[in-house]
Amino acid sequence: MPQVVKFVQGNEACVEGALYAGLNFFAGYPITPSTEIAEHLSLRLPQVGAKFIEMEDEIASMSAIIGASLTGCKVMTATSGPGFSLMQEALGYAVMAEIPCVVVNVQRGGPSTGLPTHASQGDVMQARWGTHGDHSIIALTAGTVQDVFRMTVEAFNLAETYRTPVVLLFDEVTGHTRERLFLPEPDEIPLVERLRTSVPQDVNYHPYLPREDGRLPMSDFGGVHRYNVTGLYHDMWGFPSEDPHTVHDLIHHLVDKIETSVNSIALYKEYYLDDAECILISYGSPARSARHLVESGRLSGERIGLLELQTLWPFPAHVVRERCREASYVVVVEMNMGQIVKSVKEAVDRPERVFLANRVDGTFITYKDIGNTLRLIQGRGV
Amino acid sequence: MPIKDYLRERFFPHIWCPGCGHGTVLNCLLRAVERIGLSKNEIVMVSGIGCSSRISGYVDFHTLHTMHGRAAAVATGVKISRPELTVIVPMGDGDSLAIGGNHFIHAARRNIDMTALVMNNRIYGMTGGQHSPLTGYGSGATTAPYKNIEPSFQVVDLAMAAGATFVARTTTYHVRQLVDVLVKAIRHKGFSVVEIWSQCPTYFGRKNKAGDAVAMLKHYKESTAAIGSEALEQNPNLVGRGVFLDEQRPELCEEYERVIQQARQGRQ
């Protein structure tokens with residue numbers, strides 16, 4: 001059978017990836033530049049007997065997917081900066097109550113209404129720390145339409161594996177760029193299905209009692225086990241608790257389940273790193289410009305390479321440290337005032353050799369912009 | 001089934017103050033469920049934050065204690081994904097109509113099949129007695145030391161205007177009527193709103209010299225009358241109790257099933 005090839009924008013690739021992963025409930029609210037995701041899903045989901053609803057705001061969208069996830073659905077919402085801000089409350093609830101869900105943020109310029117139709121990567125830290133309280137989170141990103149598909153599938157897999165919200169941090173350029181998408185065959189990419197409890201009916205089921213491997217099997221709401229879910233600190237029954245040991249154990253569980261799995265969550269691509277004395281680190285659409293610069297630099301004999309991060313949180317510090325060990329300097333390419341560059345500086349052995357090449361005027365960062373920064377670092381002038 | 005079999009007794013004693021009306025609401029709600037003959041596995045209770053919202057912890061249903069004001073939105077996700085479940089959404093007055101006002105009116109507009117209880121004690125009890133959208137003009141609260149200058153929502157009018165298809169009001173004094181109304185509300189296909197006056201002697205009562213729980217219940221008895229009664233007709237100062245609206249209109253989940261049929265046919 002010939003492979004299915006589509007010519008689509010990143011937002012449509014996100015829809016295809018979500019359907020491939022088994023999405024069966026979406027709630028959302030219109031916002032540029034993510035709206036196409038909701039539009040396409042409103043058409044596609046009922047075709048497979050799944051549910052779509054346009055809610056009254058992003059607070060309600062995030063709340064609705066939490067409710068649907070508990071009944072056993074694979075769920076997603078999609079938004080951009082201002083809507084992502086409104087979702088932070090319920091995002092924290094999903095962290096606390098350990099509810100698998102995927103939250104897409106097609107980033108635009110901020111703060112506030114900002115630049116609705118222009119690309120930015122200003123929400124990297126909001127994805128990490130936007131909701132209140134200590135917690136860990138998973139955030140993935142992509143710079144090509146094909147990678148948007150792949151990362152969307154990964155997001156669902158990670159959400160189910162770790163019982164956690166997963167943020168997909170795309171950007172306006174990735175969301176609206178049209179290019180070729182090869183649709184994988186069914187079963188070509190392994191899918192993680194929800195781990196459901198084997199506890200039979202009429203036997204006590206503890207929704208928040210981790211197994212030996214740390215995972216918590218779920219029981220669909222409305223099924224045979226009745227239990228409580230709350231955003232308060234809770235015991236193994238899901239009932240509110242202020243017992244210091246219970247609180248201590250739960251916050252450590254919520255953080256550790258993700259931070260101790262950083263190796264298996266870390267997704268990245270590397271180009272020409274083996275002998276690179278200059279390493280670019282980038283993610284999302286700017287990684288396209290970075291790669292262009294690397295490819296052309298290699299043609300003229302420059303020892304330059306690219307580490308493209310696809311997992312931003314938990315930050316793959318070990319990968320960055322190891323890959324950058326031999327580099328003379330490291331340049332982080334991102335479209336913000338410097339958000340991931342801080343994590344890179346923390347990760348590497350010689351933080352004084354880490355520089356930022358950014359662009360924050362709403363214009364897409366080009367290979368020339370990055371090249372200019374490189375010349376400044378090398379003392380060659382722009 | 002005895003009422004106590006619907007309770008999670010190991011989570012008692014409850015957190016409510018002596019004299020609080022919310023226990024009466026819980027009692028009447030369980031009697032209504034028992035009378036309808038619903039099994040515990042069929043019911044999902046979704047609540048928000050506040051004194052009222054703790055009700056979900058004490059009942060042996062599928063219970064979801066969510067965020068302040070968000071109960072109706074989370075319940076919407078539960079109901080659309082599993083329309084066969086009976087969804088009950090107990091909320092406080094601030095929970096449902098201040099922070100959750102937007103979700104409340106939109107759930108009503110969609111006519112999604114669930115039962116919303118507005119447990120109206122006219123105060124934010126959990127935080128110690130601040131004024132809510134139902135406190136009322138001239139009443140006292142910790143954040144209205146010079147008396148409240150804001151008028152109240154009329155819950156019944158608001159719910160009807162927003163699109164709810166079953167709307168009722170009663171009080172914790174009128175427990176037989178409360179059970180009857182809850183039975184009808186839960187059985188109703190569509191968005192049902194039941195406003196229940198529920199006394200808070202600890203905060204509203206003390207701030208307004210309303211007396212103890214007994215005095216507040218007596219006030220409920222004396223200041224209300226059944227809809228259609230002679231007493232209500234003769235005294236316009238009384239507040240009506242009973243079912244204000246009970247009609248059938250297209251329900252959201254059933255409408256969405258039609259969308260699915262349409263989408264599947266279009267695909268063939």
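Could you work out which residue, out of B:Asp157, B:Asp180, B:Asp113, moves most in a Gaussian network model of chain B, that is, has the largest mean-square fluctuation with Cα springs under 10 Å?
B:Asp157
Are any of the pairs B:Lys40/B:Lys189; A:Lys51/A:Lys74; B:Lys4/B:Lys189; B:Lys40/B:Lys79 more than 22 Å apart by Cα-Cα distance, and if so, which?
With Cα atoms farther than 22 Å apart: B:Lys4/B:Lys189.
Taking K and R as +1 and D and E as -1, what net charge do the other residues with C-beta under 14 Å from the C-beta of B:Gly140 add up to?
Surrounding charge for B:Gly140 is +4.
Which far-off residues, 5 or more places away or on another chain, put their amide H under 5 Å from the one on A:Phe25, with H placed in the peptide plane?
Correct list: A:Lys51, A:Lys74, A:Met76.
Rounded to the nearest 5, what % of DSSP beta bridges with both residues in the protein assembly as shown are antiparallel?
25
What is the distance, in nm, between label points placed 7 Å from the Cα along the Cα-to-Cβ direction at A:Glu346 and at A:Leu299?
Those two pseudo-labels are separated by 3.9 nm.
So which lysines can B:Lys147 reach, going by Cα to Cα under 29 Å and dropping same-chain residues fewer than 8 places off?
Partners within reach: B:Lys207, B:Lys209, B:Lys218, B:Lys221.
Taking the radius of gyration and the Kirkwood hydrodynamic radius from Cα positions alone, what is the Rg/Rh ratio for the range B:140-184, to two decimal places?
Reported Rg/Rh (Cα atoms, Kirkwood Rh): 1.14.
Longest segment of chain B with no GluC sites (Glu not before Pro) in a DSSP loop having at most 14 other Cβ atoms within 10 Å?
That would be B:85-246.
Using the Cα atoms of the protein assembly as shown to build a convex hull, what is its mean projected area in square nanometres?
32.7
Above 12 angstrom, tally the Cα pairs of the range B:42-89 and express them as a % of all pairs, no decimals.
It works out to 53 percent of all Cα pairs.
Mind giving me the FRET efficiency for A:Val203 and B:Lys4? R0 is 35 Å, r the Cβ-Cβ distance, nearest 0.05 is fine.
Plugging the Cβ-Cβ distance into 1/(1 + (r/R0)^6) gives 0.95.
Counting alpha carbon pairs within less than 8 Å and at least 6 residues apart, what relative contact order, in whole percent, applies to chain B?
Worked out over chain B, it gives 18 percent.
In whole Hz, what ³J(HN,Hα) sequence does the range B:210-227 give by Karplus (6.51, -1.76, 1.60; θ = phi - 60°), x for Gly and Pro?
Coupling constants for the range B:210-227: 8, x, 7, 4, 5, 5, 5, 5, 4, 5, 4, 5, 7, 9, 10, 8, 5, 4 Hz.
How shielded is B:98-110 by partner chains, expressed as the average number of their Cβ atoms within 10 Å of its Cβ atoms?
Partner Cβ neighbours, averaged per residue: 2.
Please work out the C-alpha center-to-center distance from the range B:12-88 to the range B:141-183 and express it in whole Å.
The range B:12-88 and the range B:141-183 have Cα centres spaced 18 Å from each other.
What aspartates and glutamates could a cross-link reach from A:Lys368, if we take a straight Cα to Cα line under 16 Å and drop same-chain neighbours fewer than 8 places away?
A:Glu295, A:Glu302, A:Glu334
Once a ≥ b ≥ c are taken as the square roots of the eigenvalues of the Cα gyration tensor of the range A:19-102, is the result rounded (a/c under 1.5), prolate (a/b larger than b/c) or oblate (a/b not larger than b/c)?
oblate
Taking the C-alpha atoms of the range A:11-158, how large are the radius of gyration and the largest Cα-Cα span, Dmax, in Å?
Here Rg and the maximum Cα pair distance are 13.9, 40 Å.
Using alpha carbon centroids, what distance separates the range A:98-157 and the range A:283-297, in Å?
Centre-to-centre distance over Cα atoms comes out at 21 Å.
Helix A:35-44 against the longest principal axis of chain A: what's the angle in degrees, Cα atoms only, rounded to the nearest 10?
Between helix and principal axis, roughly 50 degrees.
Return a whole-number percent for the relative contact order of chain A, with Cα pairs under 8 Å and 6 or more residues apart as the contact set.
16
Taking the alpha carbon gyration tensor of chain B, what are the square roots of 5 times its eigenvalues, largest first, to the nearest whole Å?
After diagonalising the Cα gyration tensor, the semi-axes are 30, 21, 19 Å.
Is there a quick way to get the dipole size of the range A:189-348? I mean about its Cα centre, with the Cβ of Lys and Arg at +1 and of Asp and Glu at -1; what is the value in debye to the nearest 20?
In debye, rounded to 20, the range A:189-348 gives about 420.
Counting only residues 5 or more places away or on other chains, whose amide H sits under 5 Å from the amide H of B:Gly125 once H atoms are built in the peptide plane?
Under 5 Å from the amide H of B:Gly125: B:Cys51.
Among DSSP beta bridges whose residues both lie in the range B:155-264, state the antiparallel percentage, nearest 5.
Among the beta bridges of the range B:155-264, antiparallel pairing accounts for roughly 30 percent.
Of all beta bridges DSSP finds with both residues in chain B, what is the antiparallel percent, to the nearest 5?
20
Please report the net charge: other residues with Cβ closer than 13 Å to the Cβ of A:Leu267, K and R +1, D and E -1.
Combined, the nearby Lys, Arg, Asp and Glu give -2.
Can you give the helix-only mean residue ellipticity at 222 nm for the protein assembly as shown, where every DSSP H stretch with n ≥ 4 adds -39500 (n - 2.57) and the sum goes over all residues, rounded to the nearest 500 deg cm²/dmol?
-11000 deg cm²/dmol
By the scheme Lys and Arg +1, Asp and Glu -1, what is the net charge of all other residues having a beta-carbon under 11 Å from that of A:Ser136?
-1
Which is the longest stretch in chain A that no exposed loop site breaks, taking sites as GluC sites (Glu not before Pro) with a DSSP loop state and at most 13 other Cβ atoms within 10 Å?
By the stated rule (loop sites, at most 13 other Cβ atoms within 10 Å), A:1-187.
Would you mind checking which residues have amide H under 5 Å from B:Thr224's amide H? H placed 1.01 Å from N; only 5 or more apart, or other chain.
B:Val239
Every read-out reported here was derived from the displayed coordinates using simple, explicitly stated rules and does not represent laboratory data. Quick caveat, the model's predicted, so the values are computed rather than measured. Heads up, the Cβs are rebuilt from the backbone with ideal geometry, glycines too, and the neighbour counts pull from every protein chain shown.
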